[in-house]
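**Q** Sharing a structure, written as structure tokens. Questions coming.
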Amino acid sequence: MTDLTDARILVIGGAGFIGSHVVDQLLAEPVAEIVVLDSFVRGTRENLAQAGRDGRVRVVEGSILDRRLLSELMDGADLVVHLAALWLHECVHEPRKAVEVNVVGTFNVIEAAQGSGIRRVVYSSSASVYGDALARPMTEEHPFNNRTLYGATKIAGEQFLRAYNEQHGLDYVCLRYMNVYGPRMDDKGTYVSVIVKVLDRIARGERPQIFGDGSQAYDFVDVRDVARANVLALRSDATDASYNVGTGVRTTIAELVDELLRLTGTGIAPEHLPGAQMFVTERVGSTELAERDLGFVATIPWRDGLRHYVDWRAGAR
């Protein structure tokens, strides 16, 4: 078990949706310093407003394409949490830029971590590596059935870490997130969460849209549970392995929309549209390996998590 007492932790992408929650939870640990590196392309300073009041937090604006900066920051660090990535919009519309950041940038992080003697890297991967489910629930042995560039960049990062572990003994853990939601999630991008889209339409007095019969099913996991998984991965003795981070609960889009309508007290009926092409229609992960090796079990039921997000969103606006 890795002791976090007096640890100096570099959180790359720490101003983002998930990263800022990781920083919040690390502050509950007896760490000496948390350095946040973020380019502020997707992350915001507002996400770190509360954490920034803690004297142990230092924020550095910069890119993972800056190899010199990465080496400088890692020379004083013990552990690295790497969450920085461009997401689906860039992968679809700016693929070369996405590859530069997600693939080359991640290699830069790994190379710098090895060169600086970092004790452990926790890498934010994604359930996107699996693509559509070929078996249910998806264990970590599920084939890479991905057909998106975003998923391909995450597979590349996992494979780089595996190679560096084999060649250099670099200690790492990869976390494959299911459908993460919660406060601070992106509500402005082209590919925002279905939760945000539904709530936006409800706020405008419009009927939420469901493509097809709404039987598409996913594993919705609260960002607070995801952040806790990162902390557990830093502490764990597990190494050279990838883990699903989810609830293991299958929730359909129809169920999700019905619950959002109930939480908002809206009497609007959803609008069913012809089925649209979707990247994935079934994605629920097995939770057994993460529980066994990391001690991670999601504790926030999706209905409770949705209520928390709806309340937060109402207060934030």
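**Q** Kindly list the number of the only condition in (1) over 18 Å from the mean Cα position of the chain (by Cα); (2) surrounded by fewer than 23 Cβ atoms within 10 Å (Cβ to Cβ); (3) closer than 30 Å to Thr247 by Cβ that fails for Ile110.
**A** Unmet for Ile110, out of (1) over 18 Å from the mean Cα position of the chain (by Cα); (2) surrounded by fewer than 23 Cβ atoms within 10 Å (Cβ to Cβ); (3) closer than 30 Å to Thr247 by Cβ: (2).
**Q** I want to confirm something. Restricting to segment 55-69 and keeping residues that are under 23 Å from the mean Cα position of the chain (by Cα) and of a type outside the set (Asp, Glu), which single residue is nearest to Val23 (Cα to Cα)? Walk me through it before giving the result.
**A** Residues of segment 55-69 that are under 23 Å from the mean Cα position of the chain (by Cα), as a first pass: 57-66.
Those left that are additionally of a type outside the set (Asp, Glu): 57-60, 62-65.
Values: Val57: 9, Arg58: 11, Val59: 11, Val60: 14, Gly62: 17, Ser63: 18, Ile64: 18, Leu65: 22 Å.
Only one residue fits best here, namely Val57.
**Q** Being hydrophobic (A, V, I, L, M, F, W, C) and more than 23 Å from the chain's Cα centre (by Cα) is the requirement here; does Ile195 meet it?
**A** Criteria not met by Ile195.
**Q** Asp132 versus (1) touching a Leu at 6+ places or on another chain (Cβ under 9 Å); (2) at pLDDT below 95: which is the lone unmet condition?
**A** (1) is the only condition that Asp132 fails.
**Q** Next question. Just one of the numbered conditions (1) under 20 Å from Gly14 (Cα atoms); (2) at pLDDT 95 or above is not true of Glu166; which one?
**A** In the conditions (1) under 20 Å from Gly14 (Cα atoms); (2) at pLDDT 95 or above, Glu166 misses (1) alone.
**Q** Would you kindly identify the strands (runs of 3 or more DSSP E) lying entirely within segment 170-248 that contain at least 2 residues that are of a type outside the set (Lys, Arg) and either under 25 Å from Glu111 (Cα atoms) or modelled with pLDDT under 95 (or both)? Don't jump to the end; show me each part of the working.
**A** On the way: elements: 172-177, 179-181, 209-211, 220-222, 241-245.
Ranges flagged: 172-177, 209-211, 241-245.
**Q** Right, another one. Going by the structure shown, is Gly115 within 24 Å of Val36 (Cβ to Cβ), of a type outside the set (A, V, I, L, M, F, W, C), touching a strand residue (DSSP E or B) at 6+ places or on another chain (Cβ under 9 Å) and surrounded by fewer than 16 Cβ atoms within 10 Å (Cβ to Cβ)? First the steps, then the outcome.
**A** Numbers: within 24 Å of Val36 (Cβ to Cβ): yes; of a type outside the set (A, V, I, L, M, F, W, C): yes; touching a strand residue (DSSP E or B) at 6+ places or on another chain (Cβ under 9 Å): no; surrounded by fewer than 16 Cβ atoms within 10 Å (Cβ to Cβ): yes.
Here the answer is no, as Gly115 does not meet what is asked.
**Q** Go through segment 283-303 residue by residue and tally those that are touching a residue at least 40 places away in the same chain (Cβ under 8 Å) and assigned to a helix (DSSP H, G or I).
**A** 7
**Q** Can I ask one more? Does Arg42 qualify as being at negative phi and at pLDDT 95 or above? Give the steps one after another, and end with the answer.
**A** On the way: at negative phi: yes; at pLDDT 95 or above: no.
Against the criterion (at negative phi and at pLDDT 95 or above), Arg42 does not qualify.
**Q** Of the residues in segment 249-269, how many are hydrophobic (A, V, I, L, M, F, W, C), within 21 Å of the chain's Cα centre (by Cα) and in a loop (DSSP other than H, G, I, E, B)?
**A** 1
**Q** Under 9 Å between Cβ atoms, which residue pairs at least 6 apart in sequence (or on different chains) link something in segment 159-172 that is over 17 Å from Val103 (Cβ atoms) with a partner that is surrounded by 19 or more Cβ atoms within 10 Å (Cβ to Cβ) and among the aromatic types (Phe, Trp, Tyr)?
**A** That search, which allows pairs on different chains as well, returns Asn165/Tyr172; Leu170/Tyr164.
The values are calculated or read from the model by the stated rules, or taken from the named source; none is laboratory data. Predicted model only: the values in this text are computed from it and were never measured. Don't worry about glycine lacking a Cβ; one is built from the backbone with ideal geometry, like all the others, and counts go over all protein chains shown.
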